[in-house]
Amino acid sequence: MFHLAPVSRCSIFGLPPGVRCLLRPQCTAILRRYQSNDARKRSLTIDGKSYPSDSWTNAPENILIQYGRRLHVQPNHPLSIARQLIESCFPGFQHHNSLPGVVTVDQNFDSLGFASDHPGRSKTDTYYLNQDTVLRTHTSAHEVDVFRANTSNGYTICGDVYRRDAIDRTHYPIFHQIEGALTWDRSAFKSSEHFSQHIQNDLARLGSAGVDVEDPNPTFHPERNPLQAKHHAAEEAEAIAAHLKRSLEHMAVAIFTAADKALKASDHAAQEEQEPLKIRWVEAFFPHTSPSWELEVWWRGDWLEVLGCGVIEQPLLIRADVPSRMGWAFGLGLERLAMLLFGIPDIRLFWSKDQRFLGQFDENKPIKRFQPFSKYPAAPRDVAFWIPDAGAAVVETPATTSSSPSPAGGQITAAPPPDTPSFHENDLMEVVRDTAGDSVEDVSLIDKFTHPKTGRQSLCYRITYRSLEKTLTTEEANDLHEQIRRELVARFGVELR
Ligand code: PHE
């Protein structure tokens, strides 16, 4: 599917994304010690196309090797079953399931109106093939193209998306999203009232979703969630927002009813525990929609973030040469839903080729809960080190991007640190993945410490080794851990403690 060829210089440190904890934020020399093995290659070839490497290249082999697995269309794969369940909620929509995961920076960010300093653009959050080309961080990257082609009023786009992120049982650097959008052509109506009325009629045909809905905020808020007053009449956007919410409430009911059925079929106790489903709408922000919301579902004792959505930014439709169309869009992460539908406990399982996993799913039968076939013992190992004196360290970055619909690849709310960090947690995650692959279940910061005299920063991470396929021997775990320790020194110049 791809091959790599040798090149020169590259620094992995780019503009950092949202940060929870910033250590030693003083300005110092930028460290350029770390050169990704893969970025040193002259070019990357993916699907027969060659991408010359440059100082932005940071997509590693262990990610590219998975490119093209197309799990979301593999017969009887749980991600494909989840996709089909969602598609079935939108009759008449066109379903795009083969759009390529390699996109331009323009498609992924600019076409959607992402600010030039949006944290999602950072090399610490996004995999670049080179300065113009990325592995898409969300399926929204195709919105403008699909709107421009204008072959249907409604569509879904499903595919693999890529984000540099933490390692734990619900996060994996590749995951899948499904995007949906519906637009109407304003020019087909003689007035704004007729247009709005038409959408209201469509809404009435959807009927009630038969569920408790909390929606405490007005549709628009001048600062937090504005009407696009330059482009939309309030009644038009109101009608579209109402249609959007009702459509997604129906979808949420369909998904969680299926999840409930599966749970009840496998566990009799679950029948008594059932509480009625509830839905709530929370104001949100996305560069490509306004107003925007997240939909949350109360299911078995928790509020779960299910999706992000909103009224499509009109400049995006103008850019797509369909200025008279207006409508809504949503996006959601498939893994999170599939984990809950099937009771799959670890996100790495979706990539398994083991028949004990794959053999449990049948797209022609009602959804059945996954039966864990084995649980091998965990082998935790700690690594503690002093970070280099120069620059800041970015740690405890929010590990939420792969399942929640946050703005692609970064939290817009956190301020970027003042200078290039000497250590970014996502780079450590990459070293762990490069070295130990899917044999690592979790990586967590367990201690950080500043030396009172020297001001040096020390970090301690716990790496939990656990294979899904076999018991790792003490030796194997020690070996992997030793390699990771060596790589940390070689790539970041940390001093082991
Ligand atoms: N693209 C957004 C994300 O991945 C989700 C989204 C899609 C939000 C469409 C609004 C509309 O974070």
- prompt: Out of all the residues in the range 234-242, is one or more within 16 Å of the ligand (Cβ to nearest atom), acidic (Asp, Glu) and in contact (Cβ under 8 Å) with a residue 60 or more places away in the chain?
  reply: no
message: Could you tell me how many of the residues in the range 44-54 are surrounded by fewer than 18 Cβ atoms within 10 Å (Cβ to Cβ) and not acidic (Asp, Glu)?
response: 5
message: If residue 303 satisfies all but one of (1) among the hydrophobic types (A, V, I, L, M, F, W, C); (2) within 13 Å of the ligand (Cβ to nearest atom); (3) touching a strand residue (DSSP E or B) at 6+ places or on another chain (Cβ under 8 Å), what's the number of the condition it fails?
response: (2)
message: I'm told residue 363 meets every condition in (1) modelled with pLDDT of 95 or more; (2) within 27 Å of residue 338 (Cα to Cα); (3) buried (at least 17 other Cβ atoms within 10 Å of the Cβ) except one. Can you identify the failing condition by its number?
response: (3)
- request: Spot the failing condition for residue 285; the list is (1) within 21 Å of residue 343 (Cβ to Cβ); (2) in contact (Cβ under 8 Å) with a residue 40 or more places away in the chain; (3) within 23 Å of the chain's Cα centre (by Cα); (4) surrounded by fewer than 19 Cβ atoms within 10 Å (Cβ to Cβ), and only one is missed.
  value: (1)
field: Residue that is farthest from the ligand (Cβ to nearest atom), among those in the range 109-155 that are more than 22 Å from residue 50 (Cα to Cα) and of a type in the set (A, V, I, L, M)
entry: 149
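Under the condition of being of a type in the set (A, V, I, L, M, F, W, C), away from the ligand (no atom under 13 Å from the Cβ) and assigned to a strand (DSSP E or B), which residue from the range 156-209 is farthest from residue 375 (Cα to Cα)? Can you show your working first?
Taking the range 156-209 first, the residues of a type in the set (A, V, I, L, M, F, W, C) are 157-158, 161, 166-167, 174-175, 178, 181-182, 184, 188-189, 195, 199, 203-204, 206, 209.
Then drop every residue that is not away from the ligand (no atom under 13 Å from the Cβ), which leaves 166-167, 174, 184, 188-189, 195, 199, 203-204, 206, 209.
The next check asks that each one be assigned to a strand (DSSP E or B); those that pass are 174, 184.
Working: 174: 23, 184: 51 Å.
By that ranking, first place goes to 184.
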- line: Being over 26 Å from the mean Cα position of the chain (by Cα) and either within 16 Å of residue 90 (Cα to Cα) or not assigned by the TED database to the domain that holds residue 288 (or both) narrows 208, 192, 187, 247 down to just 208
field: Residue list for the range 437-457, restricted to those being modelled with pLDDT under 95 and closer than 18 Å to residue 491 by Cβ
entry: 437, 457
field: In the range 51-107, the residues that are small (Gly, Ala, Ser) and under 17 Å from residue 367 (Cβ atoms)
entry: 80, 82, 88
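The values are calculated or read from the model by the stated rules, or taken from the named source; none is laboratory data. Nothing here was measured: the structure is a model prediction, and the numbers come from that model. Every residue, glycine as well, gets a Cβ built from its backbone with ideal geometry; the counts of neighbours run over all protein chains shown.
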